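Peer 1: Before anything else, here's the structure in question.
The values are calculated or read from the model by the stated rules, or taken from the named source; none is laboratory data. Keep in mind it's a predicted model, so treat the numbers as computed, not measured. Don't worry about glycine lacking a Cβ; one is built from the backbone with ideal geometry, like all the others, and counts go over all protein chains shown. Accessible surface areas use protein heavy atoms only, side chains included; no ligands, DNA or RNA. Shrake-Rupley method; radii C 1.70, N 1.55, O 1.52, S 1.80 Å.
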Number of protein chains: 2
Amino acid sequence: MSFKQQLNDQFARLGKVLSNGRRLELLEHLAQGERSVDGLARVAGLSVANASQHLRRMQQAGLVVARREGKQVIYAIAADDVVELLDVFRRVGERHLAEVRQMVDAHLHEKDALEPVSAEELVERCRKGLVTLIDVRPEEEYEAGHIPGAMNVTIEDLERRMAELDPEREVIAYCRGPYCTFSFEAVARLREAGFRTRRLEPGFPEWKLAGLPISTEEKAAS
Amino acid sequence: MSFKQQLNDQFARLGKVLSNGRRLELLEHLAQGERSVDGLARVAGLSVANASQHLRRMQQAGLVVARREGKQVIYAIAADDVVELLDVFRRVGERHLAEVRQMVDAHLHEKDALEPVSAEELVERCRKGLVTLIDVRPEEEYEAGHIPGAMNVTIEDLERRMAELDPEREVIAYCRGPYCTFSFEAVARLREAGFRTRRLEPGFPEWKLAGLPISTEEKAAS
DNA sequence: GGCAAATTCAATTGAGTGGTTGAATAACTC
DNA sequence: GAGTTATTCAACCACTCAATTGAATTTGCC
């Protein structure tokens, strides 16, 4: 077997890691911040043993790193370029896999009724103090890092905490990324309740990757 | 099975396509330009039936497109973002797969003895008329598109045609991309023969992707 | 229509993968 | 050190995949 073939076989190992939906899901969660094995197993709906297997495989491929912290093993994305890869991967997938386009169109976008706000636009509007920014991810992920000035309101809390929002200000919601449904849902519900609302185009990982400021201050401070 | 899981399974299909060394090799060749099934089978060292299977699979995933031309079926990369994906994929692979780093270090780079020239630098030097640019890929790929002003000298022809090169000018060689060995080999041989030589950092696909000018003029014109 | 070339299809084989289960290991607590 | 919790290991089964082989299909040419 030629050198070229051996080399391509090595690269193919990376492809193998990305060739399983469960692993992609785990990577998506890890892109939000580091987590323990059973934390990941819970959010991804997998058995602990199964999640552990997938994580170990990704570790061998160098995409994630693990460290021990007491009884727990904490996994994290190995480097920013992995998030970048995931992003390109998703973009190409969305463009080229007919099935993805169909699924996304059918389930998520009510066409562009929920027209997104770009990162630049958000920065501008925040500066002017025109908007309320909400982070629709679970509390754990919010605490691991969020956009400065965002308040954490999960989907479950949304109805209950709507009263806290100023109806005069536009509400902008963001979540994990372009294929996370939280922000779509939040926007839909807030619209029903009469708010002017839009979703932020990038998710938190894309925001972070772009080098924009992030914050890890406690919930109370927002 | 949740929507999120289904969606990730769809994306995983893309990973599956990239999870095989032979397919990656075919994509690398296709990134040089379109080719027929048996042309691809020959350059990749596969049986025609096997190449056909791989190509059909990549077609189903939307990464390549096929068109009939007489008796032959011509395959081509579906869009530029596929080349971009391949590029990110290789970059991440090189950084994160320890085995790749080892193999590449051992076989290709005699460390940076063959320090590469960037695309910008080449454009600058070409403008000043300081360098001879050679394209070390097979004739077919050269004819499908090359950097303007480059002369096509394959590895096989190199020894024989060295006399055509001006020993006073620096010679810059390029080939298929960062994991193609042709330009390394050409540079090594030319150095032995006493030429000042370097290799171009990007390969032809990367050059094209960057939107830099390309030419398809006949060999005689160079 | 009959023949040849290029490609695809269909069936088969051996190897690898994903998920489950139950046992083994590691670290902390008492 | 016994007990508890978090993680990994090992064995297993059903399933998918890569490559080969030979037949079938499509197209062009006489």
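Peer 1: Taking a 29 Å limit on the Cα-Cα distance, which of the listed pairs A:K4/B:K128; B:K4/B:K208; A:K128/B:K4; A:K4/B:K208; A:K71/B:K16 fall beyond it?
Peer 2: A:K4/B:K128; B:K4/B:K208; A:K128/B:K4; A:K71/B:K16
Peer 1: Something else: Which residues among the range A:183-219 fall inside the zone where the amide N is under 11 Å from a point 7 Å beyond the Cα of A:E143, along Cα→Cβ?
Peer 2: Under cut-off, by backbone N: A:218-219.
Peer 1: Something else: Give me, ordered by chain and number, the residues 5 or more places off A:Q72 or on other chains with an amide H under 5 Å from its own placed amide H.
Peer 2: none
Peer 1: Can you give the FRET efficiency to the nearest 0.05 for B:S2 and B:R196, using r as the Cβ-Cβ distance and R₀ = 45 Å?
Peer 2: 0.15
Peer 1: Of the residues B:D87, B:D38, B:D166, which exhibits the maximal mean-square fluctuation in a Gaussian network model of chain B defined by a 10 Å Cα contact cut-off?
Peer 2: Judging by the Gaussian network model, the answer is B:D166.
Peer 1: Averaged over peptide A:20-27, how many Cβ atoms belonging to another chain are found within 10 Å of each residue's Cβ?
Peer 2: Averaged over the peptide's residues, the number is 6.
Peer 1: Which whole-number percentage describes the relative contact order of chain A, with Cα contacts under 8 Å and a sequence gap of 6 or more?
Peer 2: Relative contact order for chain A comes out at 18 percent.
Peer 1: Name the long-range amide H neighbours of A:R35: under 5 Å, sequence gap of 5 or more, or other chain; modelled H, no Pro or chain starts.
Peer 2: Amide H neighbours of A:R35: A:Y75.
Peer 1: Next question, about the same structure. Could you list which residues have their amide H under 5 Å from that of B:A150, counting only those 5 or more apart in sequence or on another chain, with H placed in the peptide plane?
Peer 2: Here the answer is none, since no amide H 5 or more places off falls under 5 Å of that of B:A150.
Peer 1: Calculate, for chain B, the solvent-accessible area per residue in square angstrom, rolling a 1.4 angstrom probe over the heavy atoms of the protein chains.
Peer 2: 46 Å²
Peer 1: While we're on this one: I need the phi-derived Karplus couplings for the range B:9-15: 6.51 cos²θ - 1.76 cosθ + 1.60, θ = phi - 60°, integer Hz, Gly and Pro marked x.
Peer 2: So the J values, rounded to whole Hz, are 5, 5, 4, 4, 4, 5, x.
Peer 1: Also, I was wondering about something else. Scanning chain A for GluC sites (Glu not before Pro) in DSSP loops with at most 16 other Cβ atoms within 10 Å, what's the longest stretch left with none?
Peer 2: Here the longest run is A:1-109.
Peer 1: Take the Cβ-Cβ distance between A:R68 and A:E120 as r, set R0 to 30 Å, and report the resulting FRET efficiency rounded to the nearest 0.05.
Peer 2: In this case the efficiency is close to 0.15.
Peer 1: Per residue of A:77-88, what is the mean number of Cβ atoms on other protein chains within 10 angstrom of that residue's Cβ?
Peer 2: Taking the mean over all residues of the peptide, I get 3.
Peer 1: Please report the buried accessible area for the interface of A with B, total over both chains, probe 1.4 Å, in Å² to the nearest 100.
Peer 2: 4600 Å²
Peer 1: Same structure, new question: By how many degrees, between 0 and 90 and to the nearest 10, does the Cα long axis of helix B:80-96 differ from the longest principal axis of chain B?
Peer 2: Tilt relative to chain B: about 80 degrees.
Peer 1: With springs only between Cα atoms under 10 Å apart, run a GNM on chain B and tell me which of B:A173, B:A44, B:A186 wobbles the most.
Peer 2: With Cα springs under 10 Å in chain B, the top fluctuation among B:A173, B:A44, B:A186 is at B:A44.
Peer 1: If Rh is defined by the Kirkwood formula over all Cα pairs and Rg also comes from Cα, what ratio Rg/Rh do you get for chain A?
Peer 2: The Rg/Rh ratio comes out at 1.00.
Peer 1: Let me ask something additional. Which one of B:F182, B:F204, B:F195 has the biggest mean-square fluctuation once chain B is modelled by GNM with Cα springs under 10 Å?
Peer 2: Ranking B:F182, B:F204, B:F195 by mean-square fluctuation puts B:F195 first.
Peer 1: Across peptide B:95-102, what mean number of C-beta atoms from other chains lies inside 10 Å of a residue's C-beta?
Peer 2: Average neighbour count from other chains, rounded to a whole number: 6.
Peer 1: Let me ask something additional. Along each of the three principal axes of the Cα atoms of the range A:3-82, give the extent in whole Å, ordering the values from largest to smallest.
Peer 2: 43, 22, 20
Peer 1: How many nm is it between the label spots at A:A210 and B:E164, if each spot is 7 Å from the Cα in line with the beta carbon?
Peer 2: If labels sit at A:A210 and B:E164, their model points lie 5.0 nm apart.
Peer 1: To continue, here is another question. Using a 1.4 Å probe over the heavy atoms of the protein chains, calculate the carbon and sulfur portion of the accessible area of chain B as a whole percent.
Peer 2: 48 percent
Peer 1: While we're on this one: With an 8 Å Cα cut-off and a minimum separation of 6 or more residues, compute the relative contact order for the range A:1-77 in percent.
Peer 2: Result for the range A:1-77 is 32 percent.
Peer 1: Every other copy gets compared here: list the nm distances from the B:Q59 label point (7 Å along Cα to Cβ) to its counterparts, shortest first, one decimal.
Peer 2: For B:Q59, the inter-copy label distances come out at 4.3 nm.
Peer 1: Apply the Karplus curve 6.51 cos²θ - 1.76 cosθ + 1.60, θ = phi - 60°, to the phi angles in the range A:180-195 and return the couplings in whole Hz, x for Gly and Pro.
Peer 2: Ordered by residue, 3J(HN,Hα) equals 9, 8, 3, 5, 4, 5, 4, 4, 4, 5, 5, 4, 4, 7, x, 7 Hz.
Peer 1: For the range B:111-221, what class follows from the C-alpha gyration tensor (a ≥ b ≥ c being the square roots of its eigenvalues): rounded when a/c is under 1.5, otherwise prolate if a/b is larger than b/c, else oblate?
Peer 2: Rounded.
Peer 1: Something else: Spit out the partnerless Cys residues in chain B, using Cβ distances under 4.7 Å as the pairing rule.
Peer 2: So far as the 4.7 Å Cβ criterion goes, B:C126 stand without a partner in chain B.
Peer 1: Taking a point 7 Å out from Cα toward Cβ as the label site, list the nm distances between A:A163 and the same residue in every other copy, smallest first.
Peer 2: Shortest to longest, the spacings are 9.5 nm.
Peer 1: Then there's this: How far, in nm to one decimal, is B:V123 from itself in the other copies if the label point is set 7 angstrom along Cα toward Cβ? Shortest first, please.
Peer 2: 2.5
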